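Notes for the one structure printed next.
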Amino acid sequence: MARPIVAIIGRPNVGKSTLINRLCRSREAIVHDQPGVTRDRTYQDGFWGEREFKVVDTGGLVFDDDSEFLPDIREQANLALAEASVALFIVDGQEGLTAADEAIAEWLRHHHCQSLVAVNKCESPQQGLAMAAEFWSLGLGEPYPISAIHGVGTGDLLDKVLSFFPSKNVESEHGEPVQLAIIGRPNVGKSSLLNAICGETRAIVSPIRGTTRDTIDTNLERAGSHWKLVDTAGIRRRRSVTYGPEFFGINRSFKAIERSDICVLVIDALDGVTEQDQRLAGRIEQDGRACLVVVNKWDAVEKDSYTMSIMEKELRSKLYFLDWATMIFVSALTGQRVESIFSLASLAVEQHRRRVSTSVVNEVLKEALSWRSPPTTRGGRQGRLYYGTQVASQPPSFTLFVNEPKLFGDTYRRYVERQLREGLGFEGTPLKLFWRGKQQRAAERELARQQNIKTD
């Protein structure tokens, strides 16, 4: 059985995200003075005592206004309640009971969901009881005075939350999920792609840039594996970003790249590869993540039997440093080829984690040397490649032992990497090559000898 879910509900700026960070002991939820920062529903792991659960954060609910994003935020809250074991209705104790709070209470009663009222911003335990008393009139049971910032009263609240959970809490049998981060510029269709994969409105889709601000985690089973999909905020040029919700959202996106097993880089088929797409691709390679390039909006392209191959060649010429990544053309709108993403991503993750024996590595290097010898300098010095071995995975990393690394220029180094790929595979993942010379090895041996003497 999956872990129970706690839905956090309330109007804007009552401290929902602050409470999320307190309950989950994290800083994942974006906290900012501006109302409407949280829009999609986002999940985090929480625990209290011996129980583990999921906490879902939702956007601030407003019922008397249908302007930008507000109907979508309400729909996301509806979906959160549909899967929740209990809803935590957060209100502002310092501001007191408002008409908006009463409207949300009525909405919760129509949902017939188990609900608890948490009166936030009650820093004083004595005054908190008096501030909370006003909220009995909501008709949702006893209001609990808390302070999300200081943690006052959250223990009593969690004790009550646990009473609504099922009697058993069994973890997923699949172990750690594969982390897949959906990365791209604003408005390339990342959230649409997430919704198409999940088969539901998991993230709000809008033509307005910056709709997604949080990183949205989604767990699901595909291709025989347990996946955690992370939809990230669209990443713009640094000089275009001001300090605030977008700044925090982009930082979350970069962290999502770092902690992912594989990144799905989404490209707009109509716009092609932009300078910002190239920067994102470089960041993925720099962090050593496996990658799948997904060209979205393929349904909007006028095409014939040659269009795909011509466009792929053009796109790859601008993403030349991701020449090892598989490219797939999809439509999040129609669902075309969306399911193929998982099979290709699975292969890339498998290669990213793969290890090869030293004997096999050296067979490939021997073949490479027979076809093309290392370069010779004007002074007659020639590079010598003695042997190589894989020293790490995620990404696959190789140490090559040579006489002098400086004798191997960039052209020959690229040749060796290309030969390793052709001989060993590793499609979908970057490779890292470390070139070590005799002097480096001698220095390392001397350092090890000195450390042994000090230890003795």
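The values are calculated or read from the model by the stated rules, or taken from the named source; none is laboratory data. As the structure is a prediction and not an experimental result, all values here were calculated from the model. We place every Cβ from the backbone using ideal geometry, glycine too, and count neighbours over all the protein chains shown.
Structure summary
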| quantity | calculated |
| --- | --- |
| Condition broken by G428, with the remaining ones in (1) under 22 Å from R372 (Cα atoms); (2) of a type in the set (G, A, S); (3) surrounded by 15 or more Cβ atoms within 10 Å (Cβ to Cβ); (4) at pLDDT 90 or above satisfied | (1) |
| Selected residue (only one of T411, T399 is touching a Ser or Thr at 6+ places or on another chain (Cβ under 8 Å), modelled with pLDDT of 70 or more and β-branched (V, I, T)) | T399 |
| Top-ranked residue of segment 296-322 - restricted to ones that are under 19 Å from I257 (Cβ atoms) and either at pLDDT 90 or above or in contact with a strand residue (DSSP E or B) (Cβ under 7 Å, 6 or more places away or on another chain) (or both), ranked as surrounded by the most Cβ atoms within 10 Å (Cβ to Cβ) | N296 |
| Given (1) in contact (Cβ under 8 Å) with a residue 12 or more places away in the chain; (2) more than 21 Å from V349 (Cβ to Cβ), number of the condition D410 does not satisfy | (1) |
| Residue within segment 370-380 that is assigned to a helix (DSSP H, G or I) and either surrounded by 14 or more Cβ atoms within 10 Å (Cβ to Cβ) or small (G, A, S) (or both) present | yes |
| Check on A368, assigned by TED's automatic domain parsing to the domain that holds G425 and touching a helix residue (DSSP H, G or I) at 6+ places or on another chain (Cβ under 9 Å) | yes |
| Residue in segment 242-258 that is part of a helix (DSSP H, G or I), at pLDDT 90 or above and within 28 Å of E427 (Cβ to Cβ) present | no |
| Selection count where residues are free of Cβ contacts under 8 Å to residues at least 12 places away in the same chain, small (G, A, S) and touching a Gly at 6+ places or on another chain (Cβ under 9 Å), scope segment 345-390 | 1 |
| Checking N362 against (1) in contact with a helix residue (DSSP H, G or I) (Cβ under 8 Å, 6 or more places away or on another chain); (2) at pLDDT 90 or above; (3) part of a helix (DSSP H, G or I), the condition it does not meet | (1) |
| Any hit, segment 391-403, residues being in contact with a strand residue (DSSP E or B) (Cβ under 6 Å, 6 or more places away or on another chain), touching a residue at least 60 places away in the same chain (Cβ under 8 Å) and surrounded by 20 or more Cβ atoms within 10 Å (Cβ to Cβ) | no |
| Exclusive hit being part of a helix (DSSP H, G or I) and without any contact (Cβ under 8 Å) to a residue 40 or more places away in the chain, set A100, A130 | A130 |
| Selection within segment 81-101 - out of contact with any Pro (no Cβ under 7 Å at 6 or more places or on another chain), surrounded by 14 or more Cβ atoms within 10 Å (Cβ to Cβ) and under 15 Å from R11 (Cβ atoms) | A87, L88, F89, I90, V91, D92, E95, L97, A100, D101 |
